[in-house]
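The values are calculated or read from the model by the stated rules, or taken from the named source; none is laboratory data. If you're wondering where the values come from, they're calculated on a predicted model, not measured in any experiment. Because the Cβ atoms are built from the backbone with ideal geometry, glycine has one as well, and the counts that use them run over all protein chains shown. Note: accessible area is taken over every heavy atom of the protein model, side chains too, but ligands, DNA and RNA are not part of it. Shrake-Rupley method; radii C 1.70, N 1.55, O 1.52, S 1.80 Å.
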Amino acid sequence: MSNTTLAETGHALATSAGFDYDALVIGAGMSGMYQLIRLRQLGLRARVFEAGTGVGGTWYWNRYPGARFDSESYSYGYSFDEELLQEWNWSEHFAPQPETLRYLNRVADKYDLHRDIQFEARVASAWYDDATRGWTVTLEDGSRYRSRFLITAIGVLSTPTLPRIEGIDSFRGQSWHTARWPKEPVDFTGKRVAVIGTGATGVQTIQEVAKTAAHLTIFQRTPNWCAPLHNRPITEEEQQRIKASYPEIFRRCQETFSCFLHTADPRGTFEVTPEEREAFYEELYASPGFGIWVGNFRDMLTDPAANREISDFVARKIRQRVKDPKVAEMLIPKNHGFGTRRLPLETRYYEVYNQDNVTLVDSTATPIERITPAGIKTSATEYEFDIIVYATGFDALTGAFDRIDIRGQDGRRLKEAWAGGARTFMGMMVDGFPNMLMLLGPHTALGNIPRSIEYNVDWVTALLRHMQEHGLTRADARPEAVQAWAEHVKSCAQGLLTFEVDSWMTGVNRNVEGKQTRTIARYAGSAPAYRAWCDEVAAGGYRELLLD
Ligand code: NA7
């Protein structure tokens, strides 16, 4: 079938049922943008609803100082447009947020995406109706749209959470969550600043704020293991080499466990001599990016003794870098091993604690009791601040879904269907929620996110094309397929030290009701294994779906 015929078929299907659109997409981040391009290529009428005033999702919202990639820039951009790859020059190996946002705006301009995106449009509800085999989406302003397909592109870390402490609104100074940062730059010069939280975001923020603040006080509840990013500008010669090797770069990302350029060393920690081990750790610590996390010995996250070796190595580094031994000990995690939580990458983060204008507060020993008009009151003392920064994370993975009233067949609420933990088919579909397709839904392979996004979008697009070609109007996951996927997800988590630790990756957020205990919130299999499963479903003619 030619594209024109497909387009005509698509339109006929939609208009006959009285829909406004063939597909409604929620979110204009990297996944929503790419999905829109693919929907247009299918000839479908699509509309994207975006809560922000611009495209970019994560890179639109997270404007906090110091925000940047931890993935190599050239492994992160879209891979589908060779012309764009050759045109765009990343300035640094790990690009800062403003550059990434510029890049995404360039993509939006090139494809004229704005004409199909409705900004400042937050979706309140999405209800499925089996009589029409379609979805009704209602925005917060009350406007309603009907469509055959609903595609969620709402991100995994897009719903910021504030601490559950009293008085947040009473603070007289300025305060922001890092993911709701103002568009105008914030000047910290001469200011007394507090940062609450020391995850990947807190670490990036702290490094930057410490440069200019009169005094910076960091409230750390749990220290995280961090490792050097080793960022630097991309030289002209490197730029040429990168552009010439894009096919190779993306091929490598396809082959590795989590789509990064780095891949685990095939050796076990104790298969080498202690000297070789130390030399390898030194090499990793001196290398850019996530190598020390995902390119380490293959047993680092499965063998507690192996994990102890690398943890001891990094602890020694922290002790070398932080002058005050007491502060160094505060910064060394004692309740989890290296790499068992998301590894923040840093640039002179530990050296910040050697500065006279920086104080580290242990928020486990002396918890924050309340925010006061003047600052922060802990169980030990009261502090005064001009600015409070909440680097307190997100209601991850399912949070963005929970905030929309999503109802499937027979009015069943998604939130209720997931009350005992999210259950999906390959992270893209949920049984009982026909024609709802999720990009980066729970239990999708994550890793280097854009690589997973492109795969998800292409899979969804292929399914839609299949439905067009066969005149099908309803796709639902079979319950047994969801069950099989749930079992696979569970089996992938077995034996991993990561699942013995509280973090957003194990579904824990102490600031969110119902997220106090660990779950298998994340798909821990490899990206190639994930893709193999999804490819097989498509190649087999979607037998795991109810299609009619
Ligand atoms: P994270 O990694 O979830 O970190 C949130 C931080 O906020 C973490 O250090 C929390 O401590 C801390 N937190 C939360 N509430 C409080 C209170 N009440 N008091 C003190 N400290 C608190 O979020 P990020 O934004 O850094 O990173 C999320 C992901 O975004 C990251 O992994 C990247 O993939 C991008 P806790 O550890 O809970 O003790």
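Taking residue 418 and the conditions (1) of a type in the set (A, V, I, L, M, F, W, C); (2) closer than 17 Å to residue 25 by Cβ; (3) surrounded by fewer than 22 Cβ atoms within 10 Å (Cβ to Cβ), which numbered condition does it fall short on, given that it satisfies the others?
(2)
Determine whether residue 528 is open to solvent by 10 Å² or more (accessible area, probe 1.4 Å) and either of a type outside the set (Gly, Ala, Ser) or touching a helix residue (DSSP H, G or I) at 6+ places or on another chain (Cβ under 8 Å) (or both).
Taking the combined requirement at face value, the residue satisfies it.
Can you tell me how many residues within the range 381-394 are within 14 Å of the ligand (Cβ to nearest atom) and part of a loop (DSSP other than H, G, I, E, B)?
Residues that pass the stated criteria total 3.
Restricting the range 226-269 to residues that are of a type in the set (Val, Ile, Thr) and under 21 Å from residue 86 (Cα atoms), which is farthest from the chain's Cα centre (by Cα)?
Here the residue is 235.
In the set 50, 72, 92, 82, which member is out of contact with any Ser or Thr (no Cβ under 9 Å at 6 or more places or on another chain), open to solvent by 20 Å² or more (accessible area, probe 1.4 Å) and not hydrophobic (A, V, I, L, M, F, W, C)?
Answer to the selection: 82.
So residue 490 passes all but one of these: (1) assigned to a helix (DSSP H, G or I); (2) open to solvent by less than 50 Å² (accessible area, probe 1.4 Å). Which condition number does it fail?
(2)
Looking at the range 115-150, which of the residues that are free of Cβ contacts under 8 Å to residues at least 24 places away in the same chain and not in a strand (DSSP E or B) is nearest to residue 47 (Cα to Cα)?
115
Can you pull out the residues in the range 168-206 that are within 22 Å of residue 95 (Cα to Cα) and of a type in the set (A, V, I, L, M)?
If the condition is that a residue be within 22 Å of residue 95 (Cα to Cα) and of a type in the set (A, V, I, L, M), then 179, 186, 200, 203, 206 are the ones that fit.
Which one is nearest to the ligand (Cβ to nearest atom) among residues in the range 395-405 that are outside any loop (DSSP other than H, G, I, E, B) and open to solvent by less than 30 Å² (accessible area, probe 1.4 Å)?
Filtering the range 395-405 for residues that are outside any loop (DSSP other than H, G, I, E, B) and open to solvent by less than 30 Å² (accessible area, probe 1.4 Å), the one nearest to the ligand (Cβ to nearest atom) comes out as 399.
Does residue 321 satisfy the criteria of being of a type in the set (Lys, Arg), within 12 Å of the ligand (Cβ to nearest atom) and surrounded by 15 or more Cβ atoms within 10 Å (Cβ to Cβ)?
The answer is no for residue 321.
Can you confirm whether residue 311 is among the polar types (S, T, N, Q), open to solvent by less than 20 Å² (accessible area, probe 1.4 Å), under 27 Å from residue 69 (Cα atoms) and in contact (Cβ under 8 Å) with a residue 60 or more places away in the chain?
Yes, satisfied.
So which of 150, 139 is of a type in the set (A, V, I, L, M) and farther than 30 Å from residue 71 by Cβ?
139
List the helices (runs of 4 or more DSSP H) inside the range 291-377, counting only whole elements, that have at least 3 residues being within 29 Å of residue 262 (Cα to Cα) and not basic (Lys, Arg).
291-294, 304-321, 349-352
Here is a list of conditions, (1) more than 19 Å from residue 343 (Cα to Cα); (2) in contact (Cβ under 8 Å) with a residue 40 or more places away in the chain; (3) surrounded by 16 or more Cβ atoms within 10 Å (Cβ to Cβ), and residue 449 meets all of them except one; can you say which number that is?
Every listed condition holds for residue 449 apart from (1).
How many of the residues in the range 98-119 are of a type in the set (S, T, N, Q) and open to solvent by less than 10 Å² (accessible area, probe 1.4 Å)?
Summing the residues that are of a type in the set (S, T, N, Q) and open to solvent by less than 10 Å² (accessible area, probe 1.4 Å) in the range 98-119 gives 1.
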